[in-house]
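One structure below.
The values are calculated or read from the model by the stated rules, or taken from the named source; none is laboratory data. Here the structure is a predicted model, which means the values were calculated and not measured. Cβ atoms come from the backbone with ideal geometry, glycine included; neighbour counts cover every protein chain shown.
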Amino acid sequence: MANRKYKDTVFRAFFNHEREIAELYQAIRPGDDVRAEDITITTLDDIFIGQQRNDLSFLWKDQSVVLVEHQSSINLNMPYRLLIYSALVMLASFADSKALYGTKLVKIPAPHFYVLYIGDDMEKDEDTLKLSAAFKETGADLELVCHVFNITYKEHRCILERCRPLRDYSFFVHRIDEDKKGGMTLDEAIRETIAYCIAHGIMKDFLEEHREEVLKMFALQWDAEEEKKVIREESREEGKAEGKAEGKAESVRSLMETLHCTKEKAMELLKIPANLQPKVLALL
């Protein structure tokens, strides 16, 4: 951890050990016997797509390769991103390039894809996303199914009850959010939450060992999420403005034809705001 880049997320750092990964995968697949000694971490350290890093990937019993992504906003493009990640993981970890050109079938681990979502936009406890939803035509010869689990902190949420590390992490995020809503600065909220969690045995060993790294990682992570929220809000507002401009442009055209007046006169009669007029003119 001493050399870990602060671009890493707290989730990625916390679940960077076979023990926690085994408990997580056991919660996802309760019917299987998942042990830490059967886990081999294959997470890609330096792969970025859209400023996002592969969060977690691991090999289980040499028969399954599992990719897990952590998200705090709904992203319908996750199947596409996971497709790319899985190809890179396969190439980096399992594929014998020479054997692939031979006639004998090369056996590879079966891939499984999961997204752990924490936020306010998902109502279901579980959902699925499919790559085929992004295709421009139906009947494509490729599919990828991504299983989405809601890990937002809530009492009696099944997946959290099945996995103590996941529940602890979910509570950690929840506590920071609640402290911020209560008027604390982000720095104060993180420090208070770290102290509270250590005192109550929540992520205790991890937080005691990496207190300052967690503070910096989570602050950067939170700032990035806030930036994305602002961008999404600005995009929504731009979309609304575009729609409004198109409607006004149609009204201007109609008035110009009816009264045989200029664009400027039509906009004046329709009382179109000055800040909207350039967009309307561009559409005429």
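A few remarks follow.
- Taken over segment 68-82, the criterion of being surrounded by fewer than 18 Cβ atoms within 10 Å (Cβ to Cβ), at pLDDT 90 or above and among the aliphatic types (A, V, I, L, M) is satisfied by L76 alone.
- Long-range neighbours under 9 Å by Cβ, at least six apart or interchain, first residue more than 19 Å from V10 (Cβ to Cβ) and at pLDDT 90 or above within segment 109-124, second among the small types (G, A, S) and surrounded by 15 or more Cβ atoms within 10 Å (Cβ to Cβ): A110/S64; P111/S64; P111/S86; H112/S64; F113/S86
- The residue of segment 1-15 that is surrounded by the fewest Cβ atoms within 10 Å (Cβ to Cβ), among those that are of a type outside the set (V, I, T) and either at pLDDT 95 or above or under 18 Å from the mean Cα position of the chain (by Cα) (or both), is K7.
- Among the residues making up segment 54-90, those that are in contact (Cβ under 8 Å) with a residue 60 or more places away in the chain and outside any helix (DSSP H, G or I) are H70, S72, S73.
To keep it simple, each residue is scored yes or no on (1) modelled with pLDDT under 80; (2) more than 30 Å from N16 (Cα to Cα); (3) more than 30 Å from the chain's Cα centre (by Cα); (4) surrounded by fewer than 10 Cβ atoms within 10 Å (Cβ to Cβ).
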{"site": "L215", "(1), (2), (3), (4)": "no, no, no, no"}
{"site": "K229", "(1), (2), (3), (4)": "yes, no, no, no"}
{"site": "G243", "(1), (2), (3), (4)": "yes, yes, no, no"}
{"site": "R253", "(1), (2), (3), (4)": "no, yes, yes, no"}
{"site": "E257", "(1), (2), (3), (4)": "yes, yes, yes, no"}
{"site": "E264", "(1), (2), (3), (4)": "no, yes, yes, no"}
{"site": "K279", "(1), (2), (3), (4)": "no, yes, yes, no"}
